[in-house]
Amino acid sequence: MNATIHFSVDRKSRAELLEKLKAPILSVDGKLCIFIVDKGHKNGKEIHVITENGIINIYNQHSKKYITGLIARPAQLVRYGVTIPENVMEKARIHVALHYNEI
């Protein structure tokens, strides 16, 4: 994986958990849940990829480097403006109960 220094150094334990939770990209109504997000960052826009486990993988749009993975809370998934399937929302609620999003 081509990743930023921030991800590879600061997020080792999260990276190990994300690897265990690895899942295919979520598809809603036949469309993959991949979004371009402009947070005004100096390095440009981000690509957010939501998986069937409720994980959000974030890449830099320009460099294609992996920035980080978020173990999303349900409210974070809702912000993308698509109807997230209940089974994915349930996984996100379980991850919160297990405090995975705090790692």
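Values as computed for the structure displayed
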item: Residues that are at pLDDT below 95 and not in a loop (DSSP other than H, G, I, E, B), drawn from the range 88-103; result: Tyr100, Asn101, Glu102
item: Failed item in (1) surrounded by fewer than 18 Cβ atoms within 10 Å (Cβ to Cβ); (2) hydrophobic (A, V, I, L, M, F, W, C); (3) out of contact with any Lys or Arg (no Cβ under 9 Å at 6 or more places or on another chain), with Val82 passing the rest; result: (3)
item: Subset of the range 23-42 (residues that are part of a loop (DSSP other than H, G, I, E, B) and surrounded by 13 or more Cβ atoms within 10 Å (Cβ to Cβ)); result: Ala23, Leu26, Cys33
item: In the range 43-59, the residues that are out of contact with any Lys or Arg (no Cβ under 9 Å at 6 or more places or on another chain) and in a strand (DSSP E or B); result: His48, Val49, Ile50, Ile56, Asn57, Ile58
item: Of all residues in the range 60-87 being part of a helix (DSSP H, G or I) and in contact with a helix residue (DSSP H, G or I) (Cβ under 7 Å, 6 or more places away or on another chain), the one that is farthest from Asp29 (Cα to Cα); result: Pro74
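The values are calculated or read from the model by the stated rules, or taken from the named source; none is laboratory data. This is a predicted model, so every value here is computed, not measured. So basically every Cβ, Gly included, is an ideal-geometry build from the backbone, and we count neighbours across all protein chains shown.
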